[in-house]
1. Could you grab the pairs with beta carbons closer than 6 Å, sequence gap of 6+ or different chains, first residue in segment 169-182 and open to solvent by less than 60 Å² (accessible area, probe 1.4 Å), second one basic (K, R)?
2. Tell me, which strands (runs of 3 or more DSSP E) lie completely within segment 24-71 with 2 or more residues that are in contact with a strand residue (DSSP E or B) (Cβ under 8 Å, 6 or more places away or on another chain) and open to solvent by 30 Å² or more (accessible area, probe 1.4 Å)?
3. If only one of G261, G241 is at pLDDT below 95 and more than 19 Å from the chain's Cα centre (by Cα), which one is it?
4. Among A139, A117, A121, which is the only one that is in contact with a strand residue (DSSP E or B) (Cβ under 8 Å, 6 or more places away or on another chain), under 18 Å from F201 (Cβ atoms) and surrounded by fewer than 23 Cβ atoms within 10 Å (Cβ to Cβ)?
5. Would you point out the residue of segment 85-114, among those that are among the basic types (K, R) and under 19 Å from E57 (Cα atoms), that is least open to solvent (accessible area, probe 1.4 Å)?
6. Any residue in segment 54-69 that is hydrophobic (A, V, I, L, M, F, W, C) sitting within a Cβ distance under 6 Å of a residue that is open to solvent by 10 Å² or more (accessible area, probe 1.4 Å) and assigned to a loop (DSSP other than H, G, I, E, B)? List the pairs, counting only those 6 or more apart or interchain.
7. I'd like to verify a number: residues in segment 230-248 that are open to solvent by less than 20 Å² (accessible area, probe 1.4 Å) and in a loop (DSSP other than H, G, I, E, B), how many?
8. Does K227 meet the test of being surrounded by fewer than 18 Cβ atoms within 10 Å (Cβ to Cβ), over 14 Å from L33 (Cα atoms) and within 18 Å of the chain's Cα centre (by Cα)?
Amino acid sequence: MLQKMIISRTLCASLILLVLGCGASENVQQWQLPAEIDELSGLAVGPDNTLYLHDDEIGAVYRFSLNTGEVSTVFHVEQPVIEGDFEGVAQTATHIFLITSRGRLFRVQREPNMTEAIVSADVFDTGLSELCEIEGLHALDNHLYIACKKPYLKADKRKLLLIEYSLASHKVSREFRFDLENIAAKKFNASAIWLDSESIFLLSARQRTIIELSRAGELRREFKLDKIRHPQPEGLVLDKGRLIIADEGGGSGGRITTYHGWPNK
């Protein structure tokens, strides 16, 4: 039902907060998405000031305009749409990827001006289902970086476990285990990941916390998110000086929040 409703018309989000924040210099926008997109999960940067986003129950990707608030369907996988516990979206120049909590990776070919498409996907088993519960995906330098929400191995308790997955070989190329002893939050269950050349940013929905690590795993910063503004933060993007967070909606539609001029060092 969800994909039919989105395909049939372009929906518009409502801008519910403008120029609000913890400090006077902070510029924040918050968009309330239509109720049809409630269990908002992953985010990725799209073309022309848009975001790719997805619901965590079906294999579909939507496009959100940061200029207008419009939401439209990019594609859904097969017809009827594939169902699953989808926990991350990422994009490269040639493909869009979705991943499930058990490590099934869906690869869809990117096409120019892709809209309301019914697509097939190449599906890969990452082999991570025995290692951890997955929640978070990011693409960088011909690799996917996968965040583990819940490590299963006893040796990984109180460790932050990240996976580097090669898009050349479609195999795990590295496993990163970082110590969590220095963070203020007593626990940290990753729900989103973002990397650049210097830092790793991770978001935890349960703890409403963002941490920034060096690429060596040293803690640089830690942020606690406001509970009212972020009831269940699940997605994270950093782009063009903006921090963008996706929240599940709890029945009333998900939220997109944009912090302009971030980070404030």
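The values are calculated or read from the model by the stated rules, or taken from the named source; none is laboratory data. All figures in this text were calculated on a predicted structure; none of them were measured in a lab. We place every Cβ from the backbone using ideal geometry, glycine too, and count neighbours over all the protein chains shown. All accessible areas refer to the heavy atoms of the entire protein, side chains included, with ligands and DNA or RNA removed. Shrake-Rupley method; radii C 1.70, N 1.55, O 1.52, S 1.80 Å.
1. Taking only residues 6 or more apart or on different chains, the pairs are L180/R158.
2. Result: 27-32.
3. Just a single option satisfies the conditions, and that option is G261.
4. The unique qualifying residue is A139.
5. Checked segment 85-114; the qualifying residue least open to solvent (accessible area, probe 1.4 Å) is R107.
6. Close Cβ pairs satisfying both conditions: I58/V81; A60/V81; L66/N49.
7. So the count comes out to 1.
8. Answer is no for this residue.
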